[in-house]
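**Q** Structure below; questions to follow.
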Amino acid sequence: MNLSEATLTLGVDLGSTAIKAALLANGVEVIGSEVAATGHNAKESARGLVSQLLSVAGVTKERIAVTVATGYGRLYFDEADREVSEITCHARGARFLMPDARTIVDIGGQDSKVISVSETGRVLDFAMNDKCAAGTGRFLEVMSRALNVPIESFGDQARASTKEIPISTTCTVFAESEVVGLVARGEALPDIVAAIHRSIANRVASLVKRVGVTTPIAATGGVARNTAAMAALSAELNEPIEAAPDPQLAGAIGAAIVASEQAAR
Ligand code: ADP
């Protein structure tokens, strides 16, 4: 593709935990992307991330035809031409990454959502949990701190589990004390890590069941990078779940796609 003649659009997903940005050429090719922690000032973090993305891609701001913002902090980002809902952007982005997906399970840092789409990608129904940390990445962040185990190694830890131990409470605060108690009791770390993931999978599975399970199921959001969470959710639903490639970028890519449609009008 000749980039100097391509229509470039930008999607920015201002999540509660991480900000994601994607640069799209002619609505079909992702030519750059960046992820950074949201930090205390989402607007400043988003500005910094976009400058970095453009400088890495070697593109000036003036070349961007349309910028669309999505995510929890989308209203704070005044450099966008438009704000578009997370449901629309995640559905579009997930289908771009996995064109045949019919159910999209997005587990982010502070919310989780399940979107059911038609064969052509139209949103049919969705369910969202943004009230309780238990079925979100926040639950895993709390447990990671309590256990002093990095989130990135949860997958390997859970795979080494040999014993099923129950966690009786789903509430994040109580589950944290329960996990501390399991450590004190001498339970093995891999077994505790696996139990934590069964707990989050149980919460997310009930959200999936609210919209109904239509396969193929695609997972997006930062938690889709966690293989323990994916394995536990798949076991809970008794269905295969495929993590989208670059799952954390789905919202930003979807926003850039919506921007490219606007640019074409
Ligand atoms: P939001 O859009 O709400 O800011 P994200 O979709 O960016 O959230 O997801 C953030 C979550 O992703 C974190 O809470 C963490 O649990 C998970 N996560 C991020 N990176 C990784 C990784 N490398 N391995 C496992 N989990 C990850």
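The values are calculated or read from the model by the stated rules, or taken from the named source; none is laboratory data. These numbers were taken from a predicted model, which means no experiment stands behind them. Here Cβ is always computed from backbone atoms with ideal geometry, including for glycine, and neighbour counts include all displayed protein chains. Accessible surface areas use protein heavy atoms only, side chains included; no ligands, DNA or RNA. Shrake-Rupley method; radii C 1.70, N 1.55, O 1.52, S 1.80 Å.
**Q** Within region 113-125, identify whether any single residue is at pLDDT 95 or above, within 12 Å of the ligand (Cβ to nearest atom), in the same structural domain as Leu233 (by TED's automatic domain parsing) and buried (at least 16 other Cβ atoms within 10 Å of the Cβ), and answer yes or no.
**A** Kept after step one, since they are at pLDDT 95 or above, are these residues of region 113-125: 113-125.
Adding the requirement that they be within 12 Å of the ligand (Cβ to nearest atom) leaves 113.
From the residues that got through so far, the ones that are in the same structural domain as Leu233 (by TED's automatic domain parsing) too are 113.
Applying the additional criterion that residues be buried (at least 16 other Cβ atoms within 10 Å of the Cβ) yields 113.
Yes, region 113-125 contains at least one residue that is at pLDDT 95 or above, within 12 Å of the ligand (Cβ to nearest atom), in the same structural domain as Leu233 (by TED's automatic domain parsing) and buried (at least 16 other Cβ atoms within 10 Å of the Cβ).
**Q** Continuing with the same structure: If I go through region 231-252 residue by residue, how many of them are open to solvent by 60 Å² or more (accessible area, probe 1.4 Å), at negative phi and modelled with pLDDT of 95 or more? Steps first, answer last, please.
**A** Step one: list which residues in region 231-252 are open to solvent by 60 Å² or more (accessible area, probe 1.4 Å), which gives 231, 235-236, 238-240, 242, 245-246.
Still in the running and at negative phi: 231, 235-236, 239-240, 242, 245.
So of that shortlist, the ones also modelled with pLDDT of 95 or more come out as 231, 235-236, 239-240, 242.
Number satisfying all stated conditions: 6.
**Q** Under 7 Å between Cβ atoms, at least 6 apart or on separate chains: pull out the pairs that start in region 147-169 with a residue that is more than 15 Å from Val183 (Cβ to Cβ) and end on any residue that is modelled with pLDDT under 95 and more than 11 Å from the ligand (Cβ to nearest atom).
**A** Filtered contacts from region 147-169: Ser168/Glu178; Thr169/Ala175; Thr169/Glu178.
**Q** Applying the selection to region 150-159, what residues are of a type in the set (A, V, I, L, M, F, W, C), open to solvent by less than 50 Å² (accessible area, probe 1.4 Å) and either within 7 Å of the ligand (Cβ to nearest atom) or within 18 Å of the chain's Cα centre (by Cα) (or both)? Outline the logic, then answer.
**A** Residues of region 150-159 of a type in the set (A, V, I, L, M, F, W, C): 151, 154, 158.
After this cut, where a residue has to be open to solvent by less than 50 Å² (accessible area, probe 1.4 Å) as well, the list is 154, 158.
Once the filter is applied, which keeps residues that are of a type in the set (A, V, I, L, M, F, W, C), open to solvent by less than 50 Å² (accessible area, probe 1.4 Å) and either within 7 Å of the ligand (Cβ to nearest atom) or within 18 Å of the chain's Cα centre (by Cα) (or both), region 150-159 yields only Phe154.
**Q** Among the residues that make up region 127-149, is at least one of them more than 16 Å from the ligand (Cβ to nearest atom) and either farther than 30 Å from Glu187 by Cβ or open to solvent by less than 20 Å² (accessible area, probe 1.4 Å) (or both)?
**A** Our first condition is that a residue be more than 16 Å from the ligand (Cβ to nearest atom); within region 127-149, this holds for 127.
Next, only the ones that are either farther than 30 Å from Glu187 by Cβ or open to solvent by less than 20 Å² (accessible area, probe 1.4 Å) (or both) stay: 127.
Yes - at least one qualifying residue is present in region 127-149.
**Q** With the checklist (1) open to solvent by 40 Å² or more (accessible area, probe 1.4 Å); (2) more than 16 Å from the ligand (Cβ to nearest atom); (3) not in a strand (DSSP E or B) in hand, flag the one item Gly27 doesn't pass.
**A** For Gly27, the exception is condition (1).
**Q** Would you mind finding the one in Ala101, Ala134, Ala80, Ala91 that is assigned to a loop (DSSP other than H, G, I, E, B), touching a residue at least 60 places away in the same chain (Cβ under 8 Å) and more than 22 Å from Lys43 (Cα to Cα)?
**A** Values: Ala134 fails: assigned to a loop (DSSP other than H, G, I, E, B); Ala80 fails: more than 22 Å from Lys43 (Cα to Cα); Ala91 fails: assigned to a loop (DSSP other than H, G, I, E, B).
Every option except Ala101 fails the conditions.
**Q** Can you confirm whether Gly221 is within 19 Å of Ala134 (Cβ to Cβ), more than 14 Å from the ligand (Cβ to nearest atom) and not aliphatic (A, V, I, L, M)? Step through it out loud before you land on a result.
**A** Working: within 19 Å of Ala134 (Cβ to Cβ): yes; more than 14 Å from the ligand (Cβ to nearest atom): no; not aliphatic (A, V, I, L, M): yes.
For Gly221, the condition - within 19 Å of Ala134 (Cβ to Cβ), more than 14 Å from the ligand (Cβ to nearest atom) and not aliphatic (A, V, I, L, M) - is not met.
**Q** For region 164-265, list the helices (runs of 4 or more DSSP H) that sit wholly inside it and hold at least 3 residues that are within 20 Å of the chain's Cα centre (by Cα); which are they? Don't jump to the end; show me each part of the working.
**A** Working: elements: 172-184, 189-211, 227-237, 250-264.
Because the criterion is at least 3 residues that are within 20 Å of the chain's Cα centre (by Cα), the helices (runs of 4 or more DSSP H) in region 164-265 that meet it are 189-211, 227-237, 250-264.
**Q** Evaluate region 35-43: report whether one residue or more is farther than 26 Å from Lys113 by Cα and touching a helix residue (DSSP H, G or I) at 6+ places or on another chain (Cβ under 9 Å).
**A** Filtering region 35-43 for residues farther than 26 Å from Lys113 by Cα gives none.
Checking region 35-43: not a single residue is farther than 26 Å from Lys113 by Cα and touching a helix residue (DSSP H, G or I) at 6+ places or on another chain (Cβ under 9 Å).
**Q** Here are some conditions: (1) within 16 Å of the ligand (Cβ to nearest atom); (2) open to solvent by less than 20 Å² (accessible area, probe 1.4 Å); (3) free of Cβ contacts under 8 Å to residues at least 40 places away in the same chain. Ala37 meets all but one. Which one does it not meet?
**A** Looking at each condition in turn, Ala37 falls short on (2).
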